[in-house]
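Student: Right, I'll just put the structure down here and ask away after.
The values are calculated or read from the model by the stated rules, or taken from the named source; none is laboratory data. Remember, it's a predicted structure, so these values are computed and weren't measured experimentally. Note: ideal-geometry Cβ built from the backbone for every residue, glycine included; neighbour counts use all protein chains shown. Only protein heavy atoms, including side chains, enter the accessible area calculation; ligands, DNA and RNA are left aside. Shrake-Rupley method; radii C 1.70, N 1.55, O 1.52, S 1.80 Å.
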Amino acid sequence: MTLSMNTPDFLIERNRERCINCQVCVRQCANEAHGWDAEEEKIFSQDALCVNCHRCVTMCPTHSLSIRKFPLEFRENANWTASTMKAIYKQAETGGILLTGMGTDRPYPVYWDQLLLNASQVTNPSIDPLREPMELKTFLGRKPEQLRVINGKLAEALPPQLELDLPIMFSAMSFGSISLNVAKSLAQAAETLGTFYNTGEGGLHEDLYKYGKNTIVQVASGRFGVHSEYLNAGAAIEIKIGQGAKPGIGGHLPGEKVGVEVSRTRMIPEQSDAISPAPHHDIYSIEDLTQLIFSLKEATNYEKPVIVKIAAVHNVSAIASGIARAGADIIAIDGFRGGTGAAPLRTRDSVGIPIELALAAVDSRLREEGIRNQVSLVVGGSIRNSTDIIKAIALGADAVYVASSALLALGCHMCQKCYTGKCNWGIATQRPELVKRLNPEIGAERATNLLKAWEHEVKEILGGMGINAIESLCGNRLMLRGIGLSDRELNILGVLAAGE
Amino acid sequence: MKRVYAREEVCMGCKLCEVYCATAHSEYPLDLVKAFLKQKMKPLPRILVEYNLSISFALQCRHCDEAPCTKACITGAMQKDSVTGIVSNDERRCVGCWTCILVCPFGAIGRDNQGHKVASKCDLCSNVADQTDTESFSNVPVCVQNCPNRALQFMDSVVEGEE
Amino acid sequence: MLREGDVRIPSGCAISGIINRSGQVFSGEDILQSIALMHDRSNGLGGGFAAYGIYPEYEDYYAFHLYYEGAEGREQTESYLNYFFHVAESGEIPTKKTRSIKNPPLAWRYFVRPKPSYLLEEENEDEFVVRSVMYINAECKGAFVVSSGKNMGAFKGVGYPEDIGEYFCLDKYHGYSWTAHGRFPTNTPGWWGGAHPFTLLDWSIVHNGEISSYGANRRFLEMYGYKLSMQTDTEAITYAFDYLVRKQQLPMDVAIATLAAPFWRDIERMNSEKRALLKAVRAMYGNLLMNGPFSIILGSSQGLIALNDRLKLRSMVAATKGEFLYLASEESAIREVCPQPEKVWAPRGGEPVIATLEKRGVQGYDTEYEYAGLSY
Ligand code: SF4
Ligand code: SF4
Ligand code: SF4
Ligand code: SF4
């Protein structure tokens, strides 16, 4: 054995004056950071094992626990920060790439927070959402060049559309990376709310078929769980090219997470690693994408819109334009702050661009080309609250995808350990004793509550702007002003500076 | 009558139900810390969580229609209330002979050896309500109120033929 | 100070419109009197008129009204017009010296037809004219096309509407349909081109309100080649009608249902055909929904259409007498010229009042809405 240089990240503090030795914390920490010393009849803890997920803190009936940053300091060094140094110790010990979960935690600018919204004063009245209808209905799907009306009747129906009662959907999270109870919670919430959840690349568990009309089924490079019944089960099909947290990288579901149910749903052997290749090996170019889009349409009788999801990378606007022309009905763009169940740390923290800039660039580009109205645009990658949504739509999105926020609603505490499969909140895990901690009935309620709350806030703010239908916000960048941004950034975002 | 039903599929074995039950039946029904740290005798829960890896559920007295424990009790301490249907043990009359424990088909009766030997069992919190003057205890038992995952439900019988 | 077009200026307003459905012409005096009554709704920083049927002798020619700030723009514009168009007649628009009108631009008019050889493939004359208007406004220095329709013209400027009317001698013109606008901008650089009505081909719009959806409307229209150089709602509304009715060839009903879309809760109650249509309309053209307060009068050679936003956040009154339909922001402005109308009413939000010229047929606009006077 050699000396390990790893030191704890967190310190578990227990108030012994209040602790009643009930051992709830012991039973709840899957990382085994709490233990029971039967001889001493005393609770003890091992700081090094704690990942700061707050499960024990929240469950402790006497509020005896708190978790702190481990007080150990290195000599101050602005270049060699603690996290940089610890990463080196870890890699020197393991020789492996650093893994992590959820979205990047680096202090990159969050442009949402540098955009301010408008409100009506004097020259036009604000609208009271309690008195007047406030309409958030949104349609996603391809729009023809022209609507043909003959004798007051629609001569040709629109191509298939997704009809959303509010412009918020749950974005892709695969069964495997998340538990079945998460999927059940979100599916139920989507049904209650009149919106959609997304299977991710994990296939569709048999218990979820009944939510088909609120389901977007994903086809990713691994093609896990893809069969004809699956494709036809959902309301739309999403081809996943990339993910914001790890552009250019495939997926890896470790064998431990592949239990009976996951194996059945994904159609792979139990305990085998599920590896999604980085590219789709049948898409090496844009014309290949067209072919896949139309193959999927053919397979589903042209009854379902096809979404193509890409990660926000440097030339995202050109790519999006290509995708629109390739025949996609909806383009989904995932910003680099988006979450993931597992990603190499260095990729997550350095690859891709923020969704705000990507969205602004794509929307402007599609407009310049006169094709923006033909496709729908959905964005995700860290939508944290209702104003992020309003700003996204004002920049030009039709709707947003939320995932991290939805998981937070279900209990996630952003400990970023999803890849360990030991999620104490029953979210990013397949261990049955952990999965059952998330009661899907409660999960559905909480996810529904969150979106309902956001819906109220969106309506409130729209009313303040004097707008009573979401389509009047879409692309309405005059409702935005930038603060603390360079000319160049304002330019890309297509907004004026505050005060202008 | 209303009974407590366990939902195994969402019981996570945390045993908070036990903690709250024990407290509610202690000398300090409203104070967890005092109940466990100040009271000389260890507060005992009348609900028991069966726990084995991913299988867990909480079990307590079923308040049977034809309760064998009431029939077997040698002193008449164990009674079924004809109005509420609650089976409870009058601890003043209980002599700690454990006959009830012998006949309970569910193993829902525990032993309290700490002082005067008595059979300790669920009373659906009916005594707690009397003791604390707290309205809320009588409506919904504390275990149900405090289960963080809705793994306990207080509802009318789901068993056919049961009252 | 930035002038209109470089900056967006919110404003409140007065509007008025009169049409004789049988196409009988009458002088501009009525409309002048009507808009003058609403003096207090304007602040002297903008007024204007659109008149239909005033150039019967050049009925088949596009009448271009142009304002020039200097000689250079005029030279550029005229050489453009002479190159691409057959110009039947041109000259200064007659004006009368009025004390209240300051620094007017040069006002000229041209009766023109495009030379067929310059039309692009599959382009018709209208489209060519639209392209030319956009070109002149954008490229010819200090030149601005005030109107470009057939047998119609717009007269507008900085001043109270009644002074503008007097300046352009509107009492000497005879038309079958007139609209007027008095403006109350919250701040203005006082540019004549920025006054209303706003026109394109024979569409003209006078409008009172400020639409909050402007940014969305504008970016949608820009996709289809419209250059919104004025940054006004009126311009956006005009182009929206042009896009829907002329380019997308939708019936006027559908255009109206786009701008003042019925609420979803009402759409859900409609029969399945109607529901399917309106769903498709909102899904397709949602970006053209005009949100926020407005009342507009849309003029064309087919007649007049008046429309309120769907919540009715701006006033508008309509009245009929015989073949006449009167529309105004205030009832008094109607009674001023028609003391005893047969019917007076305040149209509901989102419900248009439509008057089509009889000689064009009742279904001139091809709408399902009945003529206002008959449907109530
Ligand atoms: S859960 Fe709280 S009270 Fe119970 S043993 Fe842990 S720290 Fe002590
Ligand atoms: S890992 Fe979570 S549950 Fe375990 S000690 Fe740390 S905070 Fe508590
Ligand atoms: S409190 Fe609820 S979840 Fe916890 S052990 Fe008891 S019944 Fe199970
Ligand atoms: S009902 Fe009351 S007495 Fe019975 S087990 Fe629950 S908490 Fe204990």
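Student: Could you work out what % of the accessible surface of the protein assembly as shown is carbon and sulfur, using a 1.4 angstrom probe and leaving DNA, RNA and ligands out of the count?
Tutor: Exposed carbon and sulfur together represent 50 percent of the surface.
Student: By how many degrees, between 0 and 90 and to the nearest 10, does the Cα long axis of helix A:440-465 differ from the longest principal axis of chain A?
Tutor: That helix lies at roughly 50 degrees to the long axis.
Student: Taking A:Lys137 as the anchor, which aspartates and glutamates have their alpha carbon closer than 17 Å to its alpha carbon, excluding any fewer than eight residues away along the same chain?
Tutor: A:Glu163, A:Asp165, A:Glu191, A:Asp398, A:Glu455, A:Glu457, A:Glu460, A:Glu471, C:Asp266, C:Glu268
Student: Here's a follow-up. Please state the charge dipole magnitude for the range B:66-121, taken about the Cα centre, from unit charges on C-beta atoms (+1 on K and R, -1 on D and E), reported in debye and rounded to the nearest 20.
Tutor: That gives a dipole near 120 debye.
Student: A further question follows. Write out the trypsin sites (Lys or Arg not before Pro) in the range C:235-336 meeting two conditions: DSSP loop, and at most 14 other Cβ atoms within 10 Å of their Cβ.
Tutor: Qualifying residues, ordered by number: C:Arg269.
Student: Within 10 Å of each Cβ in A:435-442, how many Cβ atoms from other chains are there, averaged over the peptide?
Tutor: Across A:435-442, the average partner-chain Cβ count within 10 Å equals 6.
Student: Give the residue from A:Cys418, A:Pro277, A:Asn468 lying farthest towards the positive end of the charge dipole for chain A; charges sit on Cβ (+1 for Lys and Arg, -1 for Asp and Glu) and the dipole is referred to the Cα centre.
Tutor: A:Cys418
Student: Okay, moving on. Quick one: angle between helix A:355-368 and the longest Cα principal axis of chain A, in degrees between 0 and 90, rounded to 10, please.
Tutor: 10 degrees
Student: Now, a different point. Which angle from 0 to 90°, rounded to the nearest 10, does the C-alpha axis of helix A:386-395 make with the longest principal axis of chain A?
Tutor: The angle comes out at about 40 degrees.
Student: Using a 1.4 Å probe and counting only protein heavy atoms, how much accessible surface gets buried when C and A come together, both sides summed, in Å² to the nearest 100?
Tutor: Using a 1.4 Å probe on protein heavy atoms, the buried area is about 3500 Å².
Student: Would you work out which of A:Ala428, B:Leu59, C:Val158 lies farthest towards the positive end of the dipole of the protein assembly as shown? Charges go on Cβ: Lys and Arg +1, Asp and Glu -1.
Tutor: Result: B:Leu59, furthest along the dipole toward the positive end.
Student: Can you give the % of DSSP beta bridges in the range A:138-497 that are antiparallel, to the nearest 5?
Tutor: Around 20 percent of the beta bridges assigned by DSSP in the range A:138-497 are antiparallel ones.
Student: Among the chymotrypsin sites (Phe, Trp or Tyr not before Pro) in the range A:268-363, which ones are in a DSSP loop with at most 10 other Cβ atoms within 10 Å of the Cβ? Mind listing them?
Tutor: Sites meeting the loop and neighbour criteria: A:Tyr284.
Student: Can you give the average number of partner chain beta-carbon atoms within 10 Å of each beta-carbon in peptide C:248-261, as a whole number?
Tutor: Counting other chains' Cβ atoms within 10 Å and averaging over C:248-261 gives 2.
Student: Same structure again: If A:Glu489, A:Glu256, C:Glu69 are ordered by their accessible area, calculated over protein heavy atoms with a 1.4 Å probe, which sequence runs from highest to lowest?
Tutor: Accessible-area ranking of A:Glu489, A:Glu256, C:Glu69, largest first: A:Glu256, C:Glu69, A:Glu489.
Student: Treating only the Cβ atoms of Lys and Arg (+1) and Asp and Glu (-1) as charged, compute the dipole magnitude of the protein assembly as shown about its Cα centre; round to the nearest 20 debye.
Tutor: 2020 debye
Student: Additional query: Just counting partner chain Cβ atoms within 10 Å, what average do the residues of peptide B:9-19 show around their Cβ? Please list the in-between numbers first.
Tutor: Working: counts 6, 10, 3, 11, 6, 9, 6, 7, 0, 2, 6.
Mean shielding count: 6.
Student: Computed over the Cα atoms, what is the radius of gyration of the protein assembly as shown divided by 2.2 N^0.38 Å, N being its residue count?
Tutor: Working: Rg = 36.7 Å, N = 1039, 2.2 N^0.38 = 30.8 Å.
Computed over Cα atoms of the protein assembly as shown, the ratio equals 1.19.
Student: Next question, about the same structure. Report the accessible area of A:Val400, computed with a 1.4 Å probe over the heavy atoms of all protein chains in place, in Å² rounded to the nearest 10.
Tutor: Counting only protein heavy atoms, the figure is 0 Å².
Student: For C:His39, tell me the accessible area in Å² from a 1.4 Å probe, rounded to the nearest 10.
Tutor: Probe radius 1.4 Å; accessible area of C:His39 about 70 Å².
Student: Another question, if that's okay. Let me know the charge dipole size of the range A:10-96 about its Cα centre in debye, to the nearest 20, where only the beta-carbon of Lys, Arg (+1) and Asp, Glu (-1) is charged.
Tutor: 340 debye
Student: Projecting each Cα onto the charge dipole of the range B:66-121 (Lys/Arg +1, Asp/Glu -1 at the beta carbon, about the Cα centre), which of B:Cys69, B:Asn113, B:Gln79 comes out farthest on the positive side?
Tutor: So the residue we want is B:Asn113.
Student: To continue, here is another question. Past the 24 Å Cα-Cα mark, which pairs from A:Lys42/B:Lys38; A:Lys436/B:Lys80; C:Lys247/C:Lys343; C:Lys156/C:Lys312?
Tutor: Result: A:Lys436/B:Lys80; C:Lys247/C:Lys343; C:Lys156/C:Lys312 exceed 24 Å.
Student: Put A:Met267, B:Met78, B:Met41 in order of accessible area, largest first, 1.4 Å probe: what do you get?
Tutor: Heavy-atom accessible area, descending, gives A:Met267, B:Met41, B:Met78.
Student: Given the -39500 (n - 2.57) contribution per DSSP H run of 4+ residues, what per-residue ellipticity at 222 nm results for the protein assembly as shown, rounded to the nearest 500 deg cm²/dmol? All intermediate terms of the calculation are to be shown ahead of the outcome.
Tutor: Working: 33 runs with 289 residues, N = 1039.
Computed ellipticity for the protein assembly as shown at 222 nm equals -8000 deg cm²/dmol.
Student: Rg to Rh for the range A:138-497: what is it, with Cα atoms only and Rh by Kirkwood?
Tutor: Radius of gyration over Kirkwood radius for the range A:138-497 works out to 0.95.
Student: If you don't mind, another one. How big is the accessible area of A:Met5 in square angstrom, nearest 10, if you roll a 1.4 angstrom probe over the protein chains?
Tutor: For A:Met5, the solvent-accessible surface is approximately 110 Å².
Student: Just in the range A:89-190: which GluC sites (Glu not before Pro) are loop by DSSP and have at most 13 other Cβ atoms within 10 Å?
Tutor: In loop regions of the range A:89-190 (DSSP not H, G, I, E or B), the sparsely surrounded GluC sites (Glu not before Pro) are A:Glu145, A:Glu156.
Student: In addition: Tell me, which longest segment in chain A has none of the trypsin sites (Lys or Arg not before Pro) that fall in DSSP loops with at most 11 further Cβ atoms within 10 Å?
Tutor: Answer - A:132-500.
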